[in-house]
Structures are given as C-alpha cells and as structure tokens.
Amino acid sequence: MAKILVIDDERSIRNTLRDILEYENYKVDDAENGIEGLKLVNSRKYDVILLDIKMPQMDGLEVLDHIMKITDTPVVMISGHGTIETAVEAIKKGAYDYIAKPLDLNRLLITIRNAMDKSTLIKETKTLKQETAQTWEMIGQSEAMMQVKELIDRVAPTNARVLIQGSNGTGKELVARWLHHKSPRAQAPFIEVNCAAIPSELIESQLFGHEKGSFTSAIKQRKGDFELAHGGTLFLDEIGDMSVSAQAKVLRALQENKITRVGGEKEIPVDVRIIAATNKHLSEEIEQGRFREDLYHRLSVIIIEVPDLSQRHGDIPLLAQHFMEEVAPKMGRAPLSFSVEAIEELENYNWTGNVRELRNVVERLAILCDKEVTAEDVSQYVHPLG
C-alpha cells in the first residue's frame with residue numbers, strides 16, 4: 001500500500017486529506033508543522049509528500065529545501081496563499097507540482113498518481129544503475145588481471161583504437177565497457193555490435209544505416225550504429241566474423257570519419273571511438289584472405305590480451321563469491337558461503353568456458369545448494385547433468 005505524508009498546520013485540511021486518501025486505499029501519516037514532518041521523513045519512507053507552504057515556525061519552502069537533501073520522494077506543494085512566483089520558486093527548488101487551495105479533488109488524485117509513477121521510475125533507475133555497476137565490475141587481483149587493469153587505465157583516457165583478444169568467456173566485453181567508462185566519452189553512447197550474430201547481407205545496414213527503399217524491407221530510413229554512437233564508443237565484438245565487403249566500408253569510415261547509408265549518397269560525419277574484439281587469430285585470418293590486413297593495422301593501435309581463467313586461478317575465490325552475491329539475491333535467497341574444500345575444487349577444475357562457465361556453475365550452486373557450498377556440491381553440480 002502506497003504511503004503519503006501530509007504536512008499542513010490546518011487540522012481540518014489534514015483530516016479531509018486523510019479521509020479522501022484512505023478512501024483511495026493510501027496509507028496516510030500527517031504532521032502539523034515542518035519540524036514534525038521532517039522527523040517523519042527522516043524515520044520513514046513515503047511515496048509522495050503533500051506539503052503546505054504557509055506554516056508557523058518553518059514555512060513550506062524551507063521544509064522543501066531540507067526534504068530535497070534527504071530523499072528523492074516527490075513533493076507536491078499545496079497553498080491557499082501562494083502566487084505564481086511562489087509556485088515557480090517551489091518547482092525550481094525541486095517540488096514535483098503545485099496545487100492551490102481549495103483543492104480540486106480530481107487534480108489532486110491525478111497528481112499523486114503521476115508523482116508515484118515518477119517515484120517508481122526513480123527507484124527502478126537506481127536499482128538498474130546498481131545492477132549495471134555490479135554486472136560490469138572487474139574482479140581479480142592476479143598478476144594477469146592487474147596488467148589488464150593497468151593497461152585500461154593508461155589507454156582509456158585517449159581516443160586510441162583498441163583490439164581486445166581472448167578466448168570465449170574471458171570477459172572481452174567487460175574490458176570494452178571499462179575502456180568506455182573510464183574515457184572522456186563515458187556520458188555518451190556505448191553501442192555494441194555482435195558481428196557474428198548479424199547476417200553478412202545485413203551487417204552494412206546495421207553499421208551504416210539505410211535510406212528508405214534501398215532494399216525490399218527498407219520501409220523507412222534507419223540510422224546505423226556509427227551514427228548512434230556519435231560522440232561515444234562503438235564496440236565491434238567478434239570482428240573476425242565480419243564480411244570482407246563490410247570490412248572495406250569500416251576501413252573507409254575509420255580513414256575519413258564519414259559514413260554513407262546503404263542506398264544513400266550523402267556523406268555523414270561521425271565521431272566515434274572504435275573498440276574491437278575477437279576470439280580468432282587475425283594473423284591466420286589475414287593469411288587465409290578472410291580479414292583485411294590494412295583494417296587490422298587500423299584497429300590494433302593498442303592490443304589488450306584478456307587472460308584465460310587458467311592463467312588467473314588465484315582470482316577464482318573472488319569471482320565465485322562475487323557471482324554468488326550477485327545471483328542469489330535475484331532468486332530471493334541469501335548468498336551462500338564456500339567451504340575451503342569447495343574453493344579448492346573450483347580452482348582445480350579445467351574451465352574451458354572461462355569466467356562465463358564459472359558464473360553459470362555458481363548460479364547452479366546457488367539454486368541447488370541449501371547451506372554452505374561443499375566440495376561434494378561442486379563435484380556433483382559442476383557439470384550440467386550432475
């Protein structure tokens with residue numbers, strides 16, 4: 001049940017609002033002045049606050065200033081003595097809305113519903129940011145990972161193109177995201193293109209966009225990923241699987257910082273930082289004629305080798321605990337601990353799927369184990385079929 005706080009010095013107004021809001025199935029607290037209201041705001045969580053402006057001891061605008069410092073709960077100002085200037089000042093200070101007395105019941109209820117939608121959106125955004133930060137956290141203190149982190153710190157502030165190499169499941173995308181996150185482009189878009197997942201006949205449209213009618217299914221104009229990433233970072237994942245014809249266009253875009261949409265003639269300037277990744281040996285692909293050598297040299301200003309998990313066994317305890325703390329709460333469970341023997345089992349296992357495989361195993365253990373994860377649990381559940 002949503003909770004609303006009413007702060008108003010007039011008892012009749014508080015009682016009327018309580019009756020109306022409780023009838024609408026809201027839970028209501030009230031305070032007769034700003035000092036009492038702030039005590040409630042500090043001690044309880046509310047979905048919306050209704051705040052009178054003209055009150056003794058501390059007026060509503062002063063109370064609003066304090067509320068804005070301690071919570072992001074939407075505040076709706078109410079007053080029978082306000083002016084347009086007062087309303088504007090309240091909105092500038094962070095109030096969600098302003099309603100004059102006598103209160104219009106329909107407008108009040110609509111404003112509260114809209115304010116609650118905003119409150120929900122703020123909470124979801126915070127949760128999403130927290131989950132995103134956890135998802136892209138770089139875990140590991142091994143020498144191999146410390147070298148990768150150091151290289152990221154040195155390269156990220158520049159505009160240098162980076163080629164990330166490593167086996168499947170090692171975390172190449174994570175490295176790319178950290179390069180973006182620590183760069184001056186961090187607030188601009190990070191656009192990821194999985195070159196292996198897009199059919200060769202569509203990759204050019206994906207990257208460069210197309211004009212309406214340029215091919216059968218082109219029913220409207222579409223911006224490509226180069227344009228969408230303008231000012232930010234374009235991550236070309238599995239670039240070793242890109243068609244040779246698309247490689248030629250990418251090379252031209254890198255040389256000229258311009259692109260042309262499929263079916264178009266106009267050149268469009270683009271400002272993107274290119275980060276590419278591959279699990280293939282591009283030198284072999286070049287020898288076989290499947291990858292352009294000139295594009296390779298354009299992409300590989302800096303090369304970052306992401307180590308296999310076999311090269312960073314010392315990170316396995318940290319990774320296992322991190323993944324457990326990440327996945328268990330999503331299942332409504334408290335994170336499980338690992339016995340010393342269980343960690344030893346994990347360290348001795350041959351992780352052919354690297355970090356991705358370890359995460360899957362930890363998620364499996366979080367689901368199937370009841371208490372502390374033991375060596376027997378690891379032995380039983382490390383394989384999908386037990």
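The values are calculated or read from the model by the stated rules, or taken from the named source; none is laboratory data. From a predicted model like this one, the values you see are computed outputs, not experimental measurements. Neighbour counts run over all protein chains shown; Cβ positions are idealised from the backbone, glycine included.
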- Message: Please pick out the residue among 163, 151 that is surrounded by fewer than 19 Cβ atoms within 10 Å (Cβ to Cβ) and either over 23 Å from the mean Cα position of the chain (by Cα) or on the phi > 0 side of the Ramachandran plot (or both).
- Response: 151
- Among strands (runs of 3 or more DSSP E) lying entirely in segment 218-306, which contain 3 or more residues that are among the hydrophobic types (A, V, I, L, M, F, W, C)? 233-237, 273-278, 302-305
- Message: I'm trying to understand the selection: among the residues of segment 190-211, which are surrounded by 15 or more Cβ atoms within 10 Å (Cβ to Cβ), part of a helix (DSSP H, G or I) and touching a residue at least 24 places away in the same chain (Cβ under 8 Å)?
- Response: 203, 204, 205, 207, 208
- Of all residues in segment 23-39, which are aliphatic (A, V, I, L, M) and buried (at least 17 other Cβ atoms within 10 Å of the Cβ)? 28, 31, 38
- Query: Right, residue 214: of a type in the set (S, T, N, Q), at pLDDT below 95, more than 23 Å from residue 184 (Cβ to Cβ) and not in a loop (DSSP other than H, G, I, E, B) or not?
  - Reply: no
- Do we have residue 119 as surrounded by 21 or more Cβ atoms within 10 Å (Cβ to Cβ) and at pLDDT below 90 here? no
- When you look at residue 16, is it assigned by TED's automatic domain parsing to the domain that holds residue 115, polar (S, T, N, Q) and modelled with pLDDT under 90, yes or no? no
- Query: Residues of segment 18-42 being acidic (Asp, Glu) and closer than 22 Å to residue 70 by Cβ, which ones?
  - Reply: 29, 30, 32, 36
- Within segment 218-238, restricting to residues that are farther than 24 Å from residue 156 by Cα and not small (Gly, Ala, Ser), the one that is surrounded by the most Cβ atoms within 10 Å (Cβ to Cβ) is 222
- Item | Hey, residue 271 under 23 Å from residue 180 (Cβ atoms) and modelled with pLDDT of 95 or more or not | yes
- Counting only helices (runs of 4 or more DSSP H) entirely within segment 9-88, those with at least 1 residues that are in contact with a Ser or Thr (Cβ under 8 Å, 6 or more places away or on another chain) and in contact (Cβ under 8 Å) with a residue 24 or more places away in the chain are 34-43, 60-70
- Item | Residue within segment 239-248 that is in contact with an Asp or Glu (Cβ under 6 Å, 6 or more places away or on another chain), closer than 21 Å to residue 179 by Cα and either of a type in the set (Ser, Thr, Tyr) or surrounded by 15 or more Cβ atoms within 10 Å (Cβ to Cβ) (or both) present | yes
- For segment 139-189, enumerate the residues that are in contact (Cβ under 8 Å) with a residue 40 or more places away in the chain, in a loop (DSSP other than H, G, I, E, B) and within 17 Å of residue 301 (Cβ to Cβ). 159, 160, 161, 183, 185
- Pairs returned, first residue in segment 277-290 that is assigned by TED's automatic domain parsing to the domain that holds residue 170, second residue that is part of a loop (DSSP other than H, G, I, E, B) and among the aliphatic types (A, V, I, L, M), beta-carbon separation under 9 angstrom, 6 or more apart or interchain, are 277/306
- Task: Could you list all residues from segment 137-176 that are closer than 25 Å to residue 254 by Cα and among the hydroxyl-bearing types (Ser, Thr, Tyr)?
- Result: 158
- residue 46 vs (1) more than 32 Å from the chain's Cα centre (by Cα); (2) crowded, with 20+ Cβ neighbours inside 10 Å: all pass except (1)
